[in-house]
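As structure tokens, the structure follows; a few thoughts come after it.
Values quoted throughout were computed directly from the atomic coordinates according to the rules given, and no laboratory measurement underlies them. Note that the structure is predicted; figures quoted are calculated from it, not measured. As a convention, Cβ positions derive from the backbone with ideal geometry for all residues, glycine included, and neighbour counts pool all protein chains shown.
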Amino acid sequence: MALITATQLVKTYAEGATAVRALAGVSLTLNEGDFVAVMGPSGCGKSTLLHLLGGLDRPDAGTVKLGSDELTTLDDEGLTLVRRRRIGFVFQSFNLVPVMSAIENVALPLTLDGVSASVAEGKAKVWLERLGLGDRVNHLPDQLSGGQQQRVAIARALVTEPVLLLADEPTGNLDSKSADDIARLLRSLSDEHRRTVLMVTHDPRIAASARRLVFLKDGVIVDDQNLSASLDTSSKVRSQLEALS
Amino acid sequence: MSATTTLALRYLLRRKTRAALTTTAIVFGVALVVAMGGMVPTLTASLTSSVLSSVEQVDASISTTTQAPFPADVLTRVRAMQGVKLASGRVQGMVSLPAKSAPQLNGKPIVSLQLVGLERDEVDPVRPVTVTEGKPVKELSADDVLVSETLRDGAKLKLGDALLVPSVAGSRTFHVAGFVSTRPGGIESVFVTLPAAQETLGLTAQLSQVDVRFSEGVDAPATRQALLTALGSGYLAEASRGNTQLIDQVMRAAMPMQAFGVLAMVMAGFIIFITFRTVVVERRRDLGLLRALGASQRTVLAMVTVEGLLLGVVGTVLGILVGIGMERLVISGLAPVWRSQVGLVLEPQPTALKTLLVAVVLGVGGSVLSCLAPARQASRVSPREAMRPSGGDARVPVSRVRLGVGIALGVLGVVGLITGVLAWQSVGALCFIVAVFLVGPSSIVPLTSVFRRGLDVVMAQEGKLAQGNVARQRHRSSITASVMTVALAIIVALAALTNSTIEGVVSQIDRTLGADFMVMPPTMMVGSGSVGASADLARSLSAVEGVDVATSLRMGASRSGTQNVSLVGIDPQAYLKVAAMDFEAGTPESVGQLAQPRTLIMNALWAKQTGAKLQDQVELLTPNGPVQYRVVGIGNDVLNYRVPSAYLSQASLQQDFQVDSDLLVFVDLKQGVSSQSVRAELEQRLEAWPGFILRGTSEWRDKMLDDGRKKLNAMYVLLVVLVVPALIALANTLGINVLERVREIGLLRAIGSTQRQVRRLVLAESLLLACVGALVGIGVGLWLGLITVRAMESFGLVATFRIPVSGIATTAVIALVFGALAAVLPARHASRLKIVSALRHE
């Protein structure tokens, strides 16, 4: 069943001679429980697509429908509520609030929604323990390793029980072991928790952990295929990427 | 605690130094407002305390509205009135004690005392004077004096000791006959018999006050009203006003200081604005993240506003405490001087609720208001910022509309200036100031390039990089320079104002004071009540060989409507031989017209306030009720330009206001007579008048000039404090610039920049901004100074616009010193960054 549907998305940055068309008519549908990796060369529009799907930005043309809500018609207040309650974000550089502890960071989306601190931190603790950070709940971000920080960020993205998880280069700042851990974690979220995950990445090895692969080039989707778990998906993805680039 | 408050608090605590610096600015502004707001009640309470304390003891205390003496027959009339059981008259006046024979109090001579004459047989049943040692009041003889226990202990006085008191006839020696218990807060007073005081003060058959006790069971308010009705509008039936002219003076002196406090708070507002603006830039990513996570615009707005609120509350509380401390410190420093010069005890009063409210409104309200615009800007940060790699904010283009409006306003401003019309010049100044802010981001680069050429001589490489940084952050740089501009403009404007006033006064002295000598008390008390000299003094001086004319001035006080008016009694025939007036209406012949009864010359200040013209009738309140005076001239001389004043003949002053003693004598020598040859003889004559001293007019002029310059120097010190917020702003901006450029600084260090070069880079940027701020500040300051001086002229005050060369030099030095100081910490921080971690910095 379709969770989010993007239709003919167009986005252009700047004006006149310096105008850059980031998306030139992208249509994409994600179903519940999908784990999709978006790949493509730099500047192909991957991040722009993620921004538009997450309600962080508005398209110049086209529509984004999340469930029954048409995001492009919502005002700032409406979009804020969608981001707060239905979408979780994971960023390349973790983006934890530096002045807050791990548990406070995870609880933040709930407290912003008016949930009491004790309830919010109770839920946050459950997610941190689930992600193996039960002994790090009171640490500040700069007291955690990169992998731990990214797991805190994922816990924060999940604490509101969102239907859609958007990850922008979630392993870009991590060593290979931590990156593999995060990739497995995202896959398990899709497999075990039926979350819909869309991940933008440059790394074929990480992309191979997804069940579906979307290639973008010059603002359009040039390939969209399901990945088979039985094949050596990592090298398949790499060769596919090289062919398309 | 809500997420908003938690975040606000955490962010503040994370940047403790910046929060502390910003709070300091608020503390400073609030403290000044509180300290000045607290000092005024203390000073006025001191001025009214002696009078008020007497009100508590009697049913009514009768005096004139101007505190001027009145005919003694009022006492007889009061005693005859229904409901009055007892009444006692007293006379009082301030006497300046000769420095040589004045008793010492805490090591300092008491230069003035209040001499009080009491009715021996009537005073004790009405308002008892508690004698703790020596003769009671009813046994006092004509040469006896009672002094306070404080004076006894401080000056080590014994019974029988002599006390020399200046009198209208020269001087009079009293002997200490007893000691009275000291009344807290009261004026330092000595008590003699009524006739002795009347004789000493030259107030024969006059009284200053009548104390009344009512019969049992009478309706006190109704009886007081009946007394007032019987005596007329020139009287008060309870002495609650105190010396209104002195209080007026205190208020007048305190106003600029309070304005200074408000100015400091405005500067603090600037600091908060800049701090939060930079905070928004610095936290762009965090703010974007919050928005991405679902924080609404309102939440972000609230978070930043709460930060401002927290700073405002902390700053205000600390500011109030510091202000009260400052006030106590100043009062304790001022108390001995006030005691010896004015003869009053200063006791700190509890800070008024109104002052505290003003402080809270300014401190908390100002802080919140100042951070609103940055908070709004913060709330508009796109959630996409969270996804963007950091590296400082992008160059923000300068709006063409903003630039266009700025240029248009600047042109309007200049046109306003060259019209020469005060109103247009004022509007022009306002336009120009707004224009400076609007064109700031566009003009900061060309302006800094002017100064960079100078900087190239000592730090060419750093100057180039620094200018690049200024160009990259032109909005922020221009705001920082603007703070410096505002602070320095105020210095230059006030320097221009003070310089112009001094010049104006001195040139007026030169124009209007023709006498060779002036004979005056060492301290001139404001208003009525000071002991003067009988006409014998002027006669004695005019009899000296070589003296052409010796003519006196007498001082009185009155009210016209609600306005206190100083009265100057002159001899219409002799005055123009020793002095002149700057006439705005009328001619020198107007002085001669004062010989006609009930005519006066208004000074320009009073005339401007009332809009009076030649031949108008103005009402003056006398002890016998209001009387009409005809205006025969409007003019100024140097002695009375600051307060509303009127010149009238000594005959009128005596007839309507019972003033017949001289307070100042002008002595003019015959043509060709040297002042040295006459001086010794004049001083010898003055030995019989120890309450007066001789001053050469040029010597007095030089003293005025010297005093003015000292005040100017003191003002510079005070004003430097005003620039402190600019220092904080500059340091703040530089600090943020360093934070934003950590990676860039790491790169510079990696490719071979020394720590010293990095420090010099930050210093160069600071100096460039300071120089631009100073250049514009001096221009704006001169403009504001010109307008203020012209406004003063239009209000009838004396001033001639002069460019304050020393003020400009001071400003330039302050700008450079503060520019260098502001760079110290950020430069240190930048130079000590670890290269590897700086290169990895996000």
So if I average 1/r over every pair of distinct C-alpha atoms in the range A:146-223 and take the inverse, what Kirkwood radius in Å does that give? 13.1
May I ask you to evaluate 6.51 cos²θ - 1.76 cosθ + 1.60, the Karplus curve with θ = phi - 60°, for each residue of the range B:776-785 and list the ³J(HN,Hα) values in order in whole Hz, giving x for glycine and proline? 5, x, 5, x, 5, x, 4, 4, 4, x
For the range B:669-720, would you read off the P(r) tail past 12 Å as a percentage of all alpha carbon pairs? 74
Find, among the GluC sites (Glu not before Pro) in the range B:496-586, those assigned to loop by DSSP (not H, G, I, E, B) with at most 12 other beta-carbon atoms within 10 angstrom. B:E545
With labels modelled as points extended 7 Å from the Cα through the Cβ direction, what inter-label distance (nm, one decimal) is found for B:S674 paired with B:Q757? 7.3
State the extension gain, in nm to one decimal, for the chain segment bounded by B:T17 and B:R384, taking 0.36 nm per residue of separation less the distance between their alpha-carbons. 129.1 nm
Answer in debye to the nearest 20: the dipole magnitude of the range A:43-157 about its Cα centre, from +1 Lys/Arg and -1 Asp/Glu charges placed on Cβ, is 380
Its Cα gyration tensor gives chain A an equivalent ellipsoid whose semi-axes in whole Å, largest first, are 28, 22, 16
Among B:P626, B:A35, B:A197, flag the residue with its Cα farthest along the positive direction of the charge dipole of the protein assembly as shown, charges on Cβ as +1 for Lys/Arg and -1 for Asp/Glu. B:A35
B:A142 to B:N713: FRET efficiency via 1/(1 + (r/R0)^6), r the Cβ-Cβ distance, R0 60 Å, to the nearest 0.05? 0.75
Cβ density ranking, 10 Å radius, fewest first, applied to B:F214, A:F94 yields B:F214, A:F94
Of B:V147, B:L600, B:V738, which is farthest along the charge dipole of the protein assembly as shown in the positive direction, counting Lys and Arg as +1 and Asp and Glu as -1 at C-beta? B:V738
At a Förster radius of 51 Å, what calculated FRET efficiency corresponds to the Cβ-Cβ distance of B:S181 and B:A688, to the nearest 0.05? 0.90
Mind giving me the FRET efficiency for A:Y13 and B:L9? R0 is 41 Å, r the Cβ-Cβ distance, nearest 0.05 is fine. 0.65
Could you give the nm distance between label points at B:A651 and A:D223, where each point is 7 Å from its Cα heading toward the beta carbon? 12.0
For the range B:536-611, average projected area of the Cα convex hull in nm²: 6.1
How would A:Y13, B:Y575 line up from fewest to most surrounding beta-carbon atoms within 10 angstrom? A:Y13, B:Y575
Hydrodynamic radius (Kirkwood) for the range A:69-182, which is based on Cα pairs only, to one decimal in Å: 14.3
Packing-based exposure ordering (other Cβ within 10 Å, fewest first) of B:L816, B:L782: B:L816, B:L782
Net charge within 11 Å of A:K217 by Cβ-Cβ distance, Lys/Arg positive one each and Asp/Glu negative one each, not counting A:K217 itself? -1
Using 0.36 nm per residue, how much length does the chain from B:T173 to B:T76 gain when fully extended, once their Cα-Cα distance is taken away? 31.9 nm
How are the Cα pair distances of the range B:71-157 distributed, in percent, across 5 Å bins from 0? 3, 12, 17, 21, 17, 13, 8, 5, 3, 1, 0
Taking Rh as the Kirkwood radius computed over alpha-carbon pairs of the protein assembly as shown and applying Stokes-Einstein at 37 °C with viscosity 0.692 mPa s, one gets a diffusion coefficient in µm² s⁻¹ of 93
Test item: Cα-centred dipole of the protein assembly as shown, Lys/Arg +1 and Asp/Glu -1 on Cβ, debye: 3980
In nm, spacing of pseudo-spin labels at B:T587 and B:L430 (7 Å Cα→C-beta vector): 4.2
Dipole size in debye (nearest 20) for the range B:538-668 around its Cα centre, Lys and Arg Cβ +1, Asp and Glu Cβ -1? 400
Can you check what the net charge comes to around B:Y716, using other residues whose Cβ is under 12 Å from the Cβ of B:Y716 (Lys, Arg +1; Asp, Glu -1)? +3
Taking 0.36 nm per residue of sequence separation and subtracting the Cα-Cα distance, how much length would be gained by fully extending the chain between B:V337 and B:V457, in nm to one decimal? 38.0 nm
Be a star and scan the range B:418-450 for residues whose amide nitrogen sits under 18 Å from the point 7 Å along the Cα-to-Cβ vector of B:V405. B:428-443
